[in-house]
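Structure, as structure tokens:
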Amino acid sequence: MSDRLTVFEKWNKRVHIYLGLFLLLFLWVFSVSGLFLNHPKWFGGAPQRETTEQSVSMPVGGDAVSKAQDLMGQLDLKGEAIFRGEQKPGQFAFIAMRPDERDFVTVNLETEVAKVTHVTGNMGQMLGNLHTFSGVRPIWGEKESVRDWLPTRIWSFSMDVLSVGLIVIVGSALYMAFRQREKRRGVVVSFLIGIALCGIFVLGVV
């Protein structure tokens, strides 16, 4: 074995081990949240809802996101400003969304009274939201939307790191597996079974 190949294999093992340890908690979060999404009854507990009303001062200028952020400051809400569908006449509505809770806000533009429905879930629901929460939802009339809450930006960056890290880990695992010639048959069988099962679902939904 050449010196270069020896050095590569040493670094490959180090990357596989340390990157795996770094991503361990993220993988656990996605594993538990995946179980919740697949078996919500295991975790039990219905979301809790509470509705309140509060007078606000409706912002005049700015886009929809800046108006929502202004109102969130007045209502002492935190999270990502999410919009769904077109605004109804005489109303300004949005969702202040966090993985552990969300606030449905509807402002009556005539009376400037905000109706806020606060929804909280259990730990399983929070993890389920983390599994799918990217913080980006389309605003009407726009093809792209931006993340306007710092924790969401950090979370989305972490998910990019997780995605790239998993690709690297799988690649390093494949290399180490195929280097073991005495176990190559089992490696190939396991790999092909995984590809076949995944392919069934991928091809089945396209």
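Here, each number is a calculation from the coordinates, and none is a lab measurement. The structure displayed is predicted, hence computed values, not measured ones. Glycine gets a Cβ as well: all are built from the backbone with ideal geometry, and neighbour counts include every protein chain shown.
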So C198 ticks every box in (1) more than 30 Å from A81 (Cβ to Cβ); (2) surrounded by 12 or more Cβ atoms within 10 Å (Cβ to Cβ); (3) of a type outside the set (G, A, S) but one. Which box is left unticked? (2)
When only residues in region 75-85 that are surrounded by 15 or more Cβ atoms within 10 Å (Cβ to Cβ) and under 19 Å from S57 (Cα atoms) count, which is farthest from the chain's Cα centre (by Cα)? L75
Restricting region 62-78 to residues that are assigned to a loop (DSSP other than H, G, I, E, B) and out of contact with any Asp or Glu (no Cβ under 7 Å at 6 or more places or on another chain), the residue that is farthest from L109 (Cα to Cα): K78
